[in-house]
């Protein structure tokens, strides 16, 4: 689930809970596993994020691609970095649909252009 603002994101399963238990097949006496869900803050565009976005848009334009800036929540580790008010450029993975579902897929026709975009960004960063 992606939400623009953390405070609008509904909690799944009610309030935060700690789950404890013994994983199937674990044979170490006295070992307990504790799982805790991490809530990720939404990535929020900031003035600091403008430079990498502009660089990405410039590289994309050279390749005949268009990149737009948006702020969303989700499962990126970039959410934590953004919460520290550091520039984050996220969403550069493969083009596709069905993330983390049985029908998850990548659109192979987009792999060459996405690869070229990433290579161009790395080269621009190295300069």
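Remark: segment 49-109 is approximated by an ellipsoid whose semi-axes, taken from the C-alpha gyration tensor as √(5λ), come to 22, 19, 7 Å, largest first. Site pair residue 99 and residue 58 shows an inter-label distance of 2.8 nm when each label is modelled 7 Å from Cα along Cα→Cβ.
None of the figures in this text is laboratory data; all of them are computed from the coordinates on show. Keep in mind that what you see is a predicted model, and the values were worked out from it rather than measured. Positions of Cβ are backbone-derived with ideal geometry, glycine not excepted, and every protein chain shown enters the neighbour counts.
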